[in-house]
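Data first, discussion second: the structure below is written as structure tokens.
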Amino acid sequence: MNMQQAIKMTAAETALVDAYTAQIGDLPGDGAVLSLRDTLVHELKTAGLPTRRVESWHYTDLRTLLRAVPSADPSAFADRVEPIVAGSTVLSVRNGEADLKSLPEGITARSYTESLLDGSAVAGLAVLGSDDAIGRINVGLVRGGLEIAVAEGAELEAPLEIQIVQSHGQAHTRFPVSFGAGSKATVIERHLSTNAEASFVSSVTDLTLGEGADVIWIILQQQGPADTHLGQIRFDLGKNAKLHLFVINAGGKLVRQELHGRASGEGADLTLRGINLLGGESHTDVTFTLSHDVPHTTSTEIIRNVVFDRAKGVFQGKILVEKDAQKTDAKMSCNTLLLSDEGDFSAKPELEIFADDVQCGHGATVIDIDHTQLFYMLARGIPENKARAMLVNAFVAEIVEELEDDETLVEALEGVISAWLAKHA
Amino acid sequence: MLEIKNLHARIAEDGTEIIRGLNLTVKAGEVAAIMGPNGSGKSTLSYILSGREDYEVTEGEILYNGESILELDASERAAKGIFLAFQYPVEIPGVATMQFLKVAMNEQRKYRGEDELTTPEFMRRVKEAAAELKIAPEMLRRPVNVGFSGGEKKRAEILQMALLEPKLCILDETDSGLDIDALKVVADGVNALRSPDRAVVVITHYQRLLDYIIPDTVHVLYKGQVIKSGDKTLAYELEANGYADLIEAAA
Ligand SMILES: Nc1ncnc2c1ncn2[C@@H]1O[C@H](COP(=O)(O)OP(=O)(O)O)[C@@H](O)[C@H]1O
Ligand SMILES: [Mg+2]
């Protein structure tokens, strides 16, 4: 027993540390990677998982909420599934193992396990701060993922679907992705589970957008009802780069999706859209930070939440406007349709502005189904259940429709939403 | 077709009685006009007939084809053929008009045990009905009633009515906000639906609409009661003399 250990470890903390200990010698990495893993797991062991006393985890007391962690099962096998948008290029990572295949021109990919083994991954493994529990867990246990590069000027015709499928046990993946100058792509990062058995997933994505890159990145989280999903996406937007980042949470029991980015080149633009479909006893947290570092950058953030049953949701959004970042234009809103008295949604939008010539605003609302609209639909012969589902759907579909340039993508995402609602409403 | 007997109803929330012993009979094939000053309870009556839960019936009966409809919810009443053209049609952002129409038509068909419409058949019906009512295809691409002008909303109500082919059509001030050309289009739409097995209740407080949709009977509603019934000449009398004399006589 370690004498520094001030607190008794929880079952989940013990399970995570044990998972590491059990895999020592088997986890990929060169000397630098292995020593970093060791340091971070040691920190996890001594500091424990974050509690509500850590500001960024105030609404998601991970130490209390994470009751158990299923043990890693290297023999777990998950089947590949059809992509959400027909005709997509699929790269699948099943139970942490990358499945590489021939890719269309303009994209190259290699297994992230190799980057760990040759040590090239180490620079990207740094945690974001002392409260970066997701980073710590992930670095400690990551086995694979994909390193993807989209070439300068490449315009991908079909969407790329990175499919992270898990049956049970644990998966810890990482996806550094770079988009060359002037490239254009739609990528769907899709996390799903093939059954209802508990799995524990941590996944970190790191996006770099070169000058003028134009990217739609969709995180579609469809884990099982017993799953823990700890996701993190980091992004850096170069000059005139445009990122439409869309997070859809439609599954999982305990979910935290962090989004941390910076607009580091003039003219950079972020569109963040989030849909949280929450039901059962789940707890879902979307935590976003964006730093506008330079002048003339823009961002809009719209989060729409639908809460059924005893589900709990959290949105924390923090926009930082640095002193030099004049002419920043940022608008953030978080709207919740609360459909159950026992459900709950906490929204904490924050602006921290150090520049004086900016346009920034935020707002949060909680609403119920509009009774006049409901009656109008009933009066046309639409049964109440169906009418409610259509109204809930309308509340979130509005922001999916912003992707109207790609009709098949819109239809696919609307399909995910209506399927979820059909099951929960 | 419709028999309302000694109906009393109040606002569920605060208990205010709005309909106070109303009697009205409308036969199949008939066009009945309901007139009356603002605030007399015309819209409330139309909501109660279509099943809005903000109102509570405390006494009396509503029989539709001989059966009480009080236990049916709004969607069941609609599927049985009761249609209300709203005085203020409701905007529903995020719900596409075409989807709305298709779901409404098919849900009603399902309720009645009929086959759902195929997409081509649905499209054909909508196109045809929209053309009759001079509704531009662009309007149908918008969400339900969103961005429609007042007149467009009223025409969209008549389009829904034409597509749903109800048996009892209730039009609540469908004429308000319409210029004379739009009024004619709407009246033509309603007249096209007149048939021996269908009844139409036209709520209005102007006689103007009744020049285009000629009623068989006219009923004056005041303070939640029908205070006078007659034929279409009653509408002309009201136009010439106003409601004051009638109200005094009833008091
Ligand atoms: N839901 C309601 N809440 C409050 N007052 C109502 C409600 N519905 C109707 N009323 C009142 O009932 C009376 C009749 O209204 P309404 O039926 O709209 O009259 P009309 O359509 O004849 O002009 C009015 O005084 C109106 O304010
Ligand atoms: Mg009225």
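Taken together, the values in this text are just the output of simple stated rules run on the coordinates, not laboratory data. Nothing here was measured: the structure is a model prediction, and the numbers come from that model. All Cβ positions, even for glycine, are placed from backbone atoms using ideal geometry, and neighbour counts span all protein chains on display.
Take each of the peptides A:178-184, A:277-283, average the number of other beta-carbon atoms within 10 Å over its residues, and list them starting from the highest.
Output ranking for A:178-184, A:277-283: A:277-283, A:178-184.
As an exercise, use a Förster radius of 45 Å and the Cβ-Cβ distance of residue A:414 and residue B:25 to find the FRET efficiency, rounded to the nearest 0.05.
Calculated transfer efficiency: 0.40.
What share of the DSSP beta bridges in chain A is antiparallel, in percent to the nearest 5?
5
What residues have an amide H closer than 5 Å to that of residue A:258, excluding those fewer than 5 places away on the same chain, when H is modeled at 1.01 Å from N in the peptide plane?
A:231, A:232, A:233, A:287
Of the peptides B:50-61, A:248-259, how do they stack up when ordered by the mean number of other Cβ atoms within 10 Å, highest first?
Descending mean neighbour count gives A:248-259, B:50-61.
Give me a single rounded figure for B:105-115: the average over its residues of other chain Cβ atoms within 10 Å of their Cβ.
Partner-chain Cβ atoms within 10 Å, mean over residues of B:105-115: 2.
Students often check this: by mean Cβ neighbours within 10 Å, which of B:124-135, A:382-393, A:136-147 ranks highest, and how do the rest follow?
For the peptides B:124-135, A:382-393, A:136-147, the packing ranking is A:136-147, A:382-393, B:124-135.
Antiparallel versus total DSSP beta bridges in chain B: what percent is that, nearest 5?
Antiparallel: roughly 60 percent of the beta bridges in chain B.
Defining a contact as two alpha carbons under 8 Å apart and six or more residues distant in sequence, what relative contact order in percent does region A:129-213 show?
Taking the mean separation of contacting Cα pairs over the length of region A:129-213, I get 36 percent.
Just checking the output field for B:72-78: average partner chain Cβ neighbours within 10 Å of each residue's Cβ?
6
For every helix of n ≥ 4 consecutive DSSP H residues, a contribution of -39,500 (n - 2.57) applies; sum these over the protein assembly as shown, divide by its total residues, and give [θ] at 222 nm rounded to the nearest 500 deg cm²/dmol.
Calculated from helices alone, the mean residue ellipticity at 222 nm is -8500 deg cm²/dmol.
What is the calculated FRET efficiency for residue A:369 to residue A:281, with r their C-beta to C-beta distance and R₀ = 35 Å, to the nearest 0.05?
For R0 = 35 Å, the calculated efficiency reads 0.95.
Need one word for region A:234-351: rounded, prolate or oblate. Basis is the Cα gyration tensor (sqrt eigenvalues a ≥ b ≥ c); a/c below 1.5 gives rounded, then a/b vs b/c decides.
Verdict is prolate for region A:234-351.
Work out how much length residue B:123 to residue B:138 would gain on full extension: take 0.36 nm times their residue separation and subtract the Cα-Cα distance, in nm to one decimal.
Length gained, residue B:123 through residue B:138: 4.0 nm.
Using DSSP to call loops (not H, G, I, E or B), can you name the chymotrypsin sites (Phe, Trp or Tyr not before Pro) in region A:38-93 whose Cβ has at most 15 other Cβ atoms within 10 angstrom?
Here the chymotrypsin sites (Phe, Trp or Tyr not before Pro) that fit, given the DSSP loop and packing criteria, are A:77.
If the cut-off is a Cα-Cα distance under 17 Å, which lysines reach residue B:154, setting aside same-chain residues fewer than 8 apart in sequence?
Candidates past the 8-residue exclusion: B:134, B:184.
If a paramagnetic tag sat 7 Å from the Cα of residue B:111 along the Cα-Cβ line, which residues of region B:162-192 would have the backbone N under 16 Å from that point?
Under cut-off, by backbone N: B:162-170.
Obtain the nm distance between the two label points defined at residue B:180 and residue B:229 by a simple spin-label model: each point lies 7 Å from its Cα along the Cα-to-C-beta direction.
3.4
Compute the separation of the alpha-carbon centres of region A:59-99 and region B:1-51 and state it in Å as a whole number.
60
Quick one: which of B:27/B:232; B:5/B:167; A:423/B:80; A:253/B:110 span more than 26 angstrom between C-alpha atoms?
A:423/B:80; A:253/B:110
Suppose R0 equals 30 Å; then what is the FRET efficiency for residue B:65 and residue B:192 from their Cβ-Cβ distance, rounded to the nearest 0.05?
0.85
State, as an integer percentage, the relative contact order of region B:1-93 based on alpha-carbon contacts under 8 Å between residues 6 or more apart.
34
State the extension gain, in nm to one decimal, for the chain segment bounded by residue A:130 and residue A:22, taking 0.36 nm per residue of separation less the distance between their alpha-carbons.
Length difference between fully extended and current span is 36.4 nm.
Using alpha-carbon positions, what is the distance between the centroids of region A:402-422 and region A:224-259, in Å?
18
Taking 8 Å as the Cα distance limit and 6 or more residues as the minimum spacing, I'd like the relative contact order of region A:282-336 as a percentage.
The value is 52 percent.
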